[in-house]
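J.: Before I ask anything, let me first share the structure, which is written out below as structure tokens.
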Amino acid sequence: MNERCLAEIMNCPDLPTLPAVALQIIRMARDPNADIRKMADLIASDPALSGKILKTVNSSFYGFSKTVSTISQALVILGLQSVRMLAMGFSLVSSMNRLEAHGFDLVRFWRRSVYSAVGARALGEELKVVQSEEVFLAGLLQDIGMLAMSSTLEDRYDRLFALAKNHADLLRHEREHLDVDHCLVGKAIAEKWSLPPLLAVPIACHHEPEEAGEELAPMARVVHVAWLFSEVFLQKEPAEALLAAKTAARNMLHLEEPEVERLLKKINASTHEIADVLEVQIGERVNCTRLLSEAREALLHMTLQTQRQADALQGRNADLEKAVTIDTLTGLLNRKRFDELLASEFSRARRERGNLCVLFVDVDHFKRVNDTFGHAAGDAVLRNLGSVLQRVTGPTHLAARYGGEEFVVLVPGATLQTGSHLAQTIRQAVEDAPTGFGGRDLPVRVSVGVAVMEGGAYFDDPEQLLTFADRALYAAKRCGRNTVRICPAPQAAAAPK
């Protein structure tokens, strides 16, 4: 933290001091035996302050059925602590109003502050976990550090507003460029004003409520969610703010979507009344029902757009995976992917004492095709062979182009008999499917070598199994081609236990 910058802000002569009434209220707050009549007389001695409190108590913010006409009545109905918090809040707002902000919109600042305060109180009442007026005051004062920094640092702070894309981004720029942020400044001001930790800590942690410590984290979470609620009413396109508010309310406070929307309507109904009492400008009223409806529609559009983007990404990923695993000429697996599958199936067969068969397939006299008809004809032969292998082997067997005119087929679970039968089927299918090229049919023949790991005979590794299939292939070539040969398994130890 930049102690020098913080000291510059806190030592600024323009930083407001507390009104005399607020100082006395804070001193009385420390006295556990404070006399309720003395508190009433103190507040009543300031007509403007007592008028604001009575106006608030009689507003829809509280919803009492009977009119409260005196501070004494308010103290009886609300309690000493609640009235004391209201009195401190109204006094402090008067002090805050004397600060000159340079780099940001004061109307927007107060709009966020008042919506946050009303939202914090509504959440506190809903959850019944904290004192409502205390979270109201913490929500109201959470951004006092912004006013102080703007008043003190002027152009240096103005530049951060130009850089910041939103309120949360401002915090990042404060830390990056000044090594101090409005949360820490707000806490320092609260401590300078002798406000209790119950207020100072949530002000410091309203962006990061889990930093408040176990005891005060619940209150900090309420203030944090209330700030997110305020953003719903500040944004021109509130869909993302609404999503963030609902997510935080669910994760931090266990409030579901219908409860959040009900609370937002309740907050909106009272906010302008409180702004009038505080004598701050917060801009136009909001039609909350329409706002929520439009935000939900925008969220649905965003969700559909996100899903389309996810589908497109999935398609691109599938194309990419295909590009790195499929042989482009034949449409079969490429050698890299075949080697991976062979290693995997070999390990499983060893582990489960299962069978595994490998077929090596090679085009007979392929060089003669290239020399006689050209490489385009050779490519046509390979494509046709790929199609035949796909058709004959089906989805349960794994056919791949191994290289050049060599192909391999991996058959998990096959016995020597089933592997040999599949090899003969492939050989015959290729013979029965000549390759059309240049208006003529090119006869194609293949030789096939078979190696099988079954019973008690086990190979040392996948490469050895593949080598035995290759040996069988060359045996087929030596025997005149267009035939199938089998290479016996090695005399290996019994299956591992």
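The values are calculated or read from the model by the stated rules, or taken from the named source; none is laboratory data. Quick caveat, the model's predicted, so the values are computed rather than measured. Counting neighbours? That spans all protein chains shown, and the Cβs are built from the backbone with ideal geometry, glycine included.
J.: Out of L255, L243, I need the residue that is in contact with a helix residue (DSSP H, G or I) (Cβ under 9 Å, 6 or more places away or on another chain), under 22 Å from A120 (Cα atoms), modelled with pLDDT of 90 or more and not in a helix (DSSP H, G or I). Which one? Show your work before the answer.
T.: On the way: L243 fails: not in a helix (DSSP H, G or I).
Being in contact with a helix residue (DSSP H, G or I) (Cβ under 9 Å, 6 or more places away or on another chain), under 22 Å from A120 (Cα atoms), modelled with pLDDT of 90 or more and not in a helix (DSSP H, G or I) holds for just one of L255, L243, which is L255.
J.: Please verify whether P196 is out of contact with any Ser or Thr (no Cβ under 9 Å at 6 or more places or on another chain), under 21 Å from L141 (Cβ atoms) and surrounded by fewer than 22 Cβ atoms within 10 Å (Cβ to Cβ), treating the condition exactly as stated.
T.: Numbers: out of contact with any Ser or Thr (no Cβ under 9 Å at 6 or more places or on another chain): yes; under 21 Å from L141 (Cβ atoms): yes; surrounded by fewer than 22 Cβ atoms within 10 Å (Cβ to Cβ): yes.
Taking the combined requirement at face value, the residue satisfies it.
J.: Where residues in the range 347-380 are farther than 19 Å from V409 by Cα and touching a strand residue (DSSP E or B) at 6+ places or on another chain (Cβ under 6 Å), which of them is surrounded by the fewest Cβ atoms within 10 Å (Cβ to Cβ)?
T.: Out of the qualifying residues, it is A377.
J.: List the number of the failed condition for G89; all other conditions in (1) at pLDDT 80 or above; (2) more than 15 Å from L278 (Cα to Cα); (3) part of a helix (DSSP H, G or I) hold.
T.: (2)
J.: Give the residue that is surrounded by the most Cβ atoms within 10 Å (Cβ to Cβ), with candidates limited to residues of the range 10-36 that are within 24 Å of R121 (Cα to Cα) and among the β-branched types (V, I, T).
T.: Out of the qualifying residues, it is I25.
J.: Does S447 qualify as being closer than 15 Å to A469 by Cβ, polar (S, T, N, Q) and assigned to a strand (DSSP E or B)?
T.: Numbers: closer than 15 Å to A469 by Cβ: yes; polar (S, T, N, Q): yes; assigned to a strand (DSSP E or B): yes.
Against the criterion (closer than 15 Å to A469 by Cβ, polar (S, T, N, Q) and assigned to a strand (DSSP E or B)), S447 qualifies.
J.: In the range 385-417, what count of residues is obtained for those that are crowded, with 19+ Cβ neighbours inside 10 Å and polar (S, T, N, Q)?
T.: Adding up the residues that qualify gives 1.
J.: While we're on this one: Considering only the range 213-227, how many residues are out of contact with any Leu (no Cβ under 9 Å at 6 or more places or on another chain) and surrounded by fewer than 22 Cβ atoms within 10 Å (Cβ to Cβ)?
T.: Total meeting the criteria: 4.
J.: Now for a different question. Working only within the range 241-299, note down all residues that are small (G, A, S), over 20 Å from the mean Cα position of the chain (by Cα) and surrounded by fewer than 18 Cβ atoms within 10 Å (Cβ to Cβ).
T.: Of all residues in the range 241-299, those small (G, A, S) come to 241, 244-245, 248-249, 269-270, 275, 283, 293, 295, 298.
Restricting the remaining residues to those that are over 20 Å from the mean Cα position of the chain (by Cα) gives 269-270, 275, 283, 293.
Residues satisfying the conditions are A269, G283, S293.
J.: I'm trying to understand the selection: among the residues of the range 58-68, which are under 16 Å from V277 (Cα atoms) and either modelled with pLDDT of 85 or more or aromatic (F, W, Y) (or both)? Give the derivation first.
T.: Here is the first cut: in the range 58-68, the residues under 16 Å from V277 (Cα atoms) are 58-63, 68.
Those that are under 16 Å from V277 (Cα atoms) and either modelled with pLDDT of 85 or more or aromatic (F, W, Y) (or both): N58, F61, Y62, V68.
J.: Out of the residues in the range 168-183 that are in contact (Cβ under 8 Å) with a residue 12 or more places away in the chain and surrounded by fewer than 20 Cβ atoms within 10 Å (Cβ to Cβ), which is nearest to P238 (Cα to Cα)?
T.: A168
J.: A further question follows. Being modelled with pLDDT of 90 or more, part of a helix (DSSP H, G or I), closer than 30 Å to L466 by Cβ and out of contact with any helix residue (DSSP H, G or I) (no Cβ under 7 Å at 6 or more places or on another chain), is that true of even one residue in the range 269-280?
T.: There is no residue in the range 269-280 that is modelled with pLDDT of 90 or more, part of a helix (DSSP H, G or I), closer than 30 Å to L466 by Cβ and out of contact with any helix residue (DSSP H, G or I) (no Cβ under 7 Å at 6 or more places or on another chain).
J.: Only residues that are without any contact (Cβ under 8 Å) to a residue 40 or more places away in the chain and closer than 12 Å to H182 by Cβ: list them for the range 114-166, please.
T.: A164
J.: Quick check: is even one residue across the range 412-430 in a helix (DSSP H, G or I), out of contact with any Lys or Arg (no Cβ under 7 Å at 6 or more places or on another chain), farther than 21 Å from L332 by Cα and among the β-branched types (V, I, T)?
T.: Yes, the range 412-430 has at least one match.
J.: Something else: Can you give me the number of residues within the range 8-32 that are farther than 30 Å from E154 by Cα, modelled with pLDDT of 80 or more and not in a helix (DSSP H, G or I)?
T.: 0
J.: Among (1) touching a residue at least 24 places away in the same chain (Cβ under 8 Å); (2) part of a helix (DSSP H, G or I); (3) surrounded by fewer than 19 Cβ atoms within 10 Å (Cβ to Cβ), which single condition is M39 missing?
T.: It is condition (3) that M39 fails.
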